[in-house]
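No lab work stands behind these numbers, since they all come straight from the coordinates. Predicted model only: the values in this text are computed from it and were never measured. Here the Cβ positions follow ideal geometry from the backbone for every residue, glycine too, while neighbour counts run over all protein chains shown.
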Amino acid sequence: TNLVTAEQTVVADLGTVKNLGKVLFTDYLLPFEITSVLLMASMIGAVMLGKPEKNQSTE
């Protein structure tokens, strides 16, 4: 017989994108937002540091 136990249901549902999104946006919302702000700031900083300097000399 093909009986599905509660253990198999939990294991099959573990690690799905839906569950990851639910956990990130409910239980870990504040750490997720802080991490996203830090990553955005580091990307902006990397772009600013990577741009070549403009020479504004008027000779």
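Please give the FRET efficiency for Thr35 paired with Leu14, using the beta carbon to beta carbon distance and R0 = 35 Å, rounded to the nearest 0.05.
In this case the efficiency is close to 0.95.
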Which ³J(HN,Hα) values, rounded to whole Hz and listed in residue order, are derived for the range 17-26 from phi using the Karplus coefficients 6.51, -1.76 and 1.60 in 6.51 cos²θ - 1.76 cosθ + 1.60 with θ = phi - 60°, glycine and proline given as x? 5, 4, 5, 4, x, 4, 5, 5, 9, 10
